[in-house]
1. Filter segment A:1-38 for residues that are exposed (fewer than 14 other Cβ atoms within 10 Å of the Cβ) and among the basic types (K, R); which is nearest to DNA strand C (Cβ to nearest atom)?
2. Under the condition of being in contact with a Ser or Thr (Cβ under 7 Å, 6 or more places away or on another chain) and farther than 14 Å from B:L73 by Cβ, which residue from segment B:8-40 is modelled with the lowest pLDDT?
3. Would you check which residues across segment B:67-94 are of a type in the set (V, I, T), surrounded by 17 or more Cβ atoms within 10 Å (Cβ to Cβ) and either in a loop (DSSP other than H, G, I, E, B) or at pLDDT below 75 (or both) and list them?
4. How many of the residues making up segment B:8-43 are within 16 Å of the chain's Cα centre (by Cα) and either more than 13 Å from B:M61 (Cβ to Cβ) or outside the structural domain of B:T79 (by TED's automatic domain parsing) (or both)?
5. Please state which one of A:R59, A:R54 is within 14 Å of DNA strand D (Cβ to nearest atom) and in contact with a His (Cβ under 8 Å, 6 or more places away or on another chain).
6. Could you list, in sequence order, all residues of segment B:18-38 that are away from DNA strand D (no atom under 16 Å from the Cβ) and either in a loop (DSSP other than H, G, I, E, B) or farther than 16 Å from B:F82 by Cα (or both)?
7. Which residue pairs have Cβ atoms under 7 Å apart, sit 6 or more places apart or on different chains, and have a first residue in segment A:39-57 that is away from DNA strand C (no atom under 13 Å from the Cβ) and a second that is part of a helix (DSSP H, G or I) and not β-branched (V, I, T)?
8. Limited to segment A:113-122, what total is found for residues that are at the interface with another protein chain (Cβ under 7 Å from one of its Cβ atoms) and surrounded by fewer than 19 Cβ atoms within 10 Å (Cβ to Cβ)?
2 protein chains.
Amino acid sequence: MVITFGLAQKLKSAGYKLTPSRLAIVEVLESHSEHLCHNQILENGQKIYPHLSRATVYRTMELLVELHLMRPLYLNDPTQRFVSAAGGHHHLICSNCGATFEFDHCTIDQLAFDLSVKYHFQINNHLLEFQGLCEACQ
Amino acid sequence: MVITFGLAQKLKSAGYKLTPSRLAIVEVLESHSEHLCHNQILENGQKIYPHLSRATVYRTMELLVELHLMRPLYLNDPTQRFVSAAGGHHHLICSNCGATFEFDHCTIDQLAFDLSVKYHFQINNHLLEFQGLCEACQ
DNA sequence: GCTCTAAATGAGATTATTTCTCAATAAGTA
DNA sequence: TACTTATTGAGAAATAATCTCATTTAGAGC
């Protein structure tokens, strides 16, 4: 049910305590494939651990971003959302209805390599978003 | 000096009035290649038109996004920024210092085409961000 | 150029979001 | 089990975003 990608272990091995708040947040992140915003993380986290506070959600997300475990992201509204920082992210975003599709086929590894050489930049992950119109909105 | 990409004309032909506020905002957007946030647009816009108000900046940016002339974007902090929606955007973002580099070499047109066929999605533009470490931070 | 009208504006109020503070709590170590 | 220090919750404070409404003005028509 929960597709863990090991955030808890990574927090722990980075020297952070595994508190109920953090475990609740991590469980929410790992059990939702959508791109969650702070509010959604708080609301879902409180289902697991009712005492969870907003401040802790902000603090924990800040921590996870700092550790490069999650990354912030905009979709079609001005709300900050989060996705796993592991691997690349690939979205098709409809400019009209805001629908977001993910695709896994991604062939930019060669480009990544070329850029890393050209700019002496160590590339760890990427975000590729195509914007346009989905079938329904065309 | 000003590399116009014709925002004013596009606003006009979409039926919107060309007010001093809007012209100031558009001039700021067209003369800065960086990714500006609301505050920066306001401050720079007030140098051109001192009466420019914050509300008008928010309203105008919302309008430009709605018309798909600009697009909102996150970089390394929680501030909403804007880039031209025309063409693709390509960034190398350093996870450590937040430095952002742009690159123009972009070879994902074939991928875009494949995806448009596979998902019946009409692709208008794209955003490609690589995250990692810049030379100085490695 | 002048008049008219609806769109647009500015200023500040309101609301929402994010960050901060600090006393209380509890995770993990010994 | 006790201790230490990181972490927390609750609300205050700060910041950001939105809304309201009286006033102004761009642009169309004359």
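The values are calculated or read from the model by the stated rules, or taken from the named source; none is laboratory data. Predicted model only: the values in this text are computed from it and were never measured. Here Cβ is always computed from backbone atoms with ideal geometry, including for glycine, and neighbour counts include all displayed protein chains.
1. A:K17
2. Here the residue is B:E30.
3. B:I93
4. Total meeting the criteria: 8.
5. Details: A:R59 fails: in contact with a His (Cβ under 8 Å, 6 or more places away or on another chain).
Of the residues listed, the single one that is within 14 Å of DNA strand D (Cβ to nearest atom) and in contact with a His (Cβ under 8 Å, 6 or more places away or on another chain) is A:R54.
6. Of everything in segment B:18-38, those that are away from DNA strand D (no atom under 16 Å from the Cβ) and either in a loop (DSSP other than H, G, I, E, B) or farther than 16 Å from B:F82 by Cα (or both) turn out to be B:H32, B:S33, B:E34.
7. A:G45/A:A24; A:I48/A:A24; A:I48/A:E27
8. Qualifying residue count for the region: 3.
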